[in-house]
Every structure is written in C-alpha cells, then in structure tokens.
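Working notes, beginning with the structure itself.
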Amino acid sequence: MGVDERLAAAHPFVPSADARAVVLVEGISDQVALEALAERRGRDLDAEGISVVPIGGAQALGRFLNRFGPQGLDVRLAGLCDAGEERDFRRALERAGLGSDLTRAEMERLGFYVCVADLEDELIRALGAASVEQVVAAQGDLGSFRTLQKQSPWQGRTIEEQLRRFMGSGGRRKIRYARLLVDALDLTHVPRPLDLVLAHVGRELTSAR
C-alpha cells in the first residue's frame, strides 16, 4: 500500500449527505487528480452531488460497495483503479452482485475504469516526458530527479520509468504532483480512464433527471 492509500485509510473521507454519485478511487492522489480535472473541465462536483472517495487501497472496495451500492445507500457508483488492482476490483464488484465473470468492457459499462499501469503512468504518457520534466523543474525538484536517475537501479531505464518512480517516492510527492500534472494537461489529450470515469457519472446523473 502506498503513502496516499495509507493516508486515505487513516483518514476516511466522508461524502456529503446529499451525494447522488460516488467515484471510488484507491488513494488521495487519484482523488486530487479527478477533482482537478473536473475543475479544468468547468464542472462543480459538489453542485452536481458527486463525491470522489479514496478508499485506502483496492482491498477495501467491497466495504465501500456495501456502503454505497444497492445494498446500502444505493447511490450511483463509478471507480478508478491501477492495472495491478483490476482483479481485486473485479472480484469486489462480482461479490457485490454487480455482475459475474466481468470483462474490462463490462466493468467500464458499470463505470469502473482501469489505468494502463497507474495514475502516474497515464499522466506521464499524456503529457510526454519533456513536459513532465518542465513541471518537475518548475517545482525545484529537478536536482532530486537527477539524483534518482544516477542511482544504479534506475540507470538505463527509460525516462518515463524514472519519472514514474520519482512521482511515487518522497512521501507525499505523489499527491502533490497529481494536481500539478493534471493542471499541465492539454485538455484534448486527457488520459482515457480519467476522462471517462468523470463523463460516466455526469452522464448517469443527467439521464436520471
């Protein structure tokens, strides 16, 4: 479990009482990224009754599905996970009675989307390594990144791999850069899972009115 998942588990997020939709994500960095993207798209999630809830890791999904799903508050659900946690998400959805032998396409129809690797990988690929380095430099972190590049486990790796490792290290760096990288995105090149999970809850709520 990463730093932001541990923080999410230690400080559970409570959606507003009038929430009509909940987007379940693994950690605080995912929450920050989605809220920042919604803001850039001109959306007010609070006004729409949408809460993005960090659950503290994929293993906790079942508990949140029970709380917010058909057997609980029965609000509209969506979610975002890393590729490595797709199996856990699929099993939790199936145990909650939301399908059986779910494929990724069927998970997406339910509103649950999978990052190719993880959030950082999606954002780095969308921006390009050169643009991400510019963000790192603007934050005064380029020296720390160059130090990581010189470390033997990371020498010879692609710059994308090095950047992904850098984002995932250093305490709360992952959370801080989630917002910074989303703010740097060209809105015509937004990572597919992030765009679609927000579009899903917006579409679902519009159709329910």
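The values are calculated or read from the model by the stated rules, or taken from the named source; none is laboratory data. Just so it is clear, the model here is predicted, and its values are computed rather than measured. No Cβ is skipped: glycine too gets one built from the backbone with ideal geometry, and neighbour counts run over all protein chains shown.
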Subject >> Among the residues listed as VAL135, VAL114, the single one being more than 18 Å from GLY56 (Cβ to Cβ), in contact with a Cys (Cβ under 7 Å, 6 or more places away or on another chain) and modelled with pLDDT of 95 or more >> reply: VAL114
Subject >> LEU198 vs. criteria surrounded by 12 or more Cβ atoms within 10 Å (Cβ to Cβ), in a helix (DSSP H, G or I) and assigned by TED's automatic domain parsing to the domain that holds ARG90 >> reply: yes
Original post:
Just for segment 118-168: of the residues that are of a type in the set (A, V, I, L, M) and within 22 Å of LEU80 (Cα to Cα), which one is surrounded by the most Cβ atoms within 10 Å (Cβ to Cβ)?
Top reply: LEU119
